[in-house]
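The block underneath contains the structure these notes are about, expressed in C-alpha cells.
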Amino acid sequence: MSTISAVAPSQNRVPLLSAAAIVLGAVIIGVVFGANIGLLMIVGGLLGLVLYHAAFGFTAAWRVFITERRGRGLRAQMVMLAIAVVLFFPALSAGSLFGTSVSGFVAPIGISVVVGAFIFGVGMQLGGGCASGTLFTAGGGNARMLITLLFFIVGSVIGSAHFSWWQSLPAFQPVSLVNVAGAGGGIAISLVLFAAITAFTVIMEKRRHGHLEQAPLVDKPGSQRWLTGPWPLMAGAVALALLNFATLALAGRPWGITSAFALWGAKGFELVGGNVSQWGYWQAPGNAAALEASVWSDITTVMNVGIMLGALAAASLAGRFAPNFRIPFKSLLAAVIGGVMLGYGARLAFGCNIGAYFSGIASGSLHGWIWMVAAFAGNMVGVKLRPFFFSGVEGRQPVAKSC
C-alpha cells in the first residue's frame, strides 16, 4: 500500500488545500501588491516542499558533525553555496537580472555580528532548528517547533529594541568579494573555500569512521519518491540554490526569513498598545515603511507563509502530518529559551542561517563567513547544553527531523 493511500482521506486533501491556498494567495497578493510578490509566494511554497522532502537542515547537520564527525550534511551545504555564488556573482556584478535591479545582503563586520551569530548558534541546538528549519518543521506539524517559532518572534522584537545599541559598537565597513575581486575572482575564492571545508569534513569523517557515510537507501519507485519523499540531500542543495536565485530575480535581493518575525512581533506589540516607532531599528527607511504597510506587502512574510504551506503539503503527502502536543517540560523550556536566542541573535547578526549565512555568502559578503564561524562555535556550546534539556537519544539526535 502506498504512503498516500495509507493515510486518512481527510489528510489526503491537505496537500490539495495547501496548494490551493498558495496559488490563491499568490493571485490575490499579485493583483493587490504586484505580480512578483505573488510569484514569490509560490517560490516560498516550493522552498517548503524542498526543505521538508529533502530534510535539508542546518542544525542537525552541524550537530552531527560536532558530535559524530559525520559531514554529509555540511558537504551538501557547500554544494548549495557553490551553485549559489556561480549564479549570484555575475548578476550582482552587473547590478541587474532579467531587467530587474538586484543587490545582495552585504553587512558590516563587527561585535554585533559575532555575538549575534554565536547566540543564534546556541539557540539552534536548544530550539531544535534554525530559521528555515523552524518554519518547515512547524508547517509540517511539529507542535514543539510552533513554540520555538512563537518565541523566535519574541526574541526578534527584543533584538530590534536593542539593535541601535549593538550597532554603536565597533565594526568594520561591509566588504563584498564581488566588489573586491570581481565576479570571476570572487567565485574562484569562494570555490576554493568551499572545497577546503569539504576536504576537511572528509578527512575528519574518515579519521573517525574509516569511511564516508552513505546516503540511506529508499525503497520507493522514482515518481512516488519525488511526490512523497525523502529526496536525496544533494537534490535539496541544488533546488535551494536555484530557488534562492529565483528569489533574487523576482525580489531584487536574496532569500531572507527573520526580518518578517521582527515585523510580526512589532505589529503584534502595537496591537496591544506598545509603540516601536521610536526604536532605531524601526526608524530605518525600509523598516519604517514595512511597519506602516500591510504585512501582506512584505516579501519575506509572503515567502514565509508559502514555506509553511509548502511544508504542510509535503508532510501530508508523506503521511507524516501528525501534531503531538505532549511536550516534556524541559523540552518546552528549551524551545522557549532557544526561540528567544534565535530571534535576538538574528537581529544582531543581520540575519540567520538563510539571510546571513546562505544569502550573505551568496552575496559575496564577508559577514556571511564571520557569521558561519561564530554560529558554529555557538552550536558547539549548544550541543553541550542539550543533555540538560533532552534525555537519552533525544539529547543527541534532532528534536525535529533535520531541523
In the range 99-131, which residues are in a loop (DSSP other than H, G, I, E, B), of a type in the set (A, V, I, L, M, F, W, C) and either without any contact (Cβ under 8 Å) to a residue 24 or more places away in the chain or in contact with a strand residue (DSSP E or B) (Cβ under 9 Å, 6 or more places away or on another chain) (or both)? VAL102, PHE105, VAL106, ALA107
So how many residues does the range 183-221 have that are within 15 Å of ALA54 (Cβ to Cβ) and in a helix (DSSP H, G or I)? 0
Looking at the range 326-381 only, could you name the residues that are under 28 Å from VAL106 (Cβ atoms) and hydroxyl-bearing (Ser, Thr, Tyr)? TYR344, TYR357, SER359, SER363, SER365
Wholly enclosed helices (runs of 4 or more DSSP H) of the range 13-98 bearing at least 3 residues closer than 21 Å to GLY310 by Cα: 35-53
With the checklist (1) open to solvent by less than 40 Å² (accessible area, probe 1.4 Å); (2) touching a strand residue (DSSP E or B) at 6+ places or on another chain (Cβ under 9 Å) in hand, flag the one item ILE66 doesn't pass. (2)
Selected residue (criterion: farthest from the chain's Cα centre (by Cα)) from residues of the range 196-215 that are more than 15 Å from PHE376 (Cβ to Cβ) and free of Cβ contacts under 8 Å to residues at least 12 places away in the same chain: GLY210
Being more than 13 Å from LEU46 (Cα to Cα) and either in contact with a helix residue (DSSP H, G or I) (Cβ under 8 Å, 6 or more places away or on another chain) or at pLDDT below 95 (or both) is the filter here, so list the residues in the range 22-36 that pass it. GLY25, VAL27, ILE28, ILE29, GLY30, VAL31, VAL32, PHE33, ASN36
Whether any residue in the range 220-237 is under 24 Å from ALA94 (Cβ atoms) and either open to solvent by 40 Å² or more (accessible area, probe 1.4 Å) or charged (D, E, K, R) (or both) is what I want to check. no
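The values are calculated or read from the model by the stated rules, or taken from the named source; none is laboratory data. The structure presented is a predicted model; accordingly, all values stated were derived computationally and were not measured. Neighbour counts run over all protein chains shown; Cβ positions are idealised from the backbone, glycine included. With ligands, DNA and RNA removed, areas are computed over all heavy atoms of the protein, side chains included. Shrake-Rupley method; radii C 1.70, N 1.55, O 1.52, S 1.80 Å.
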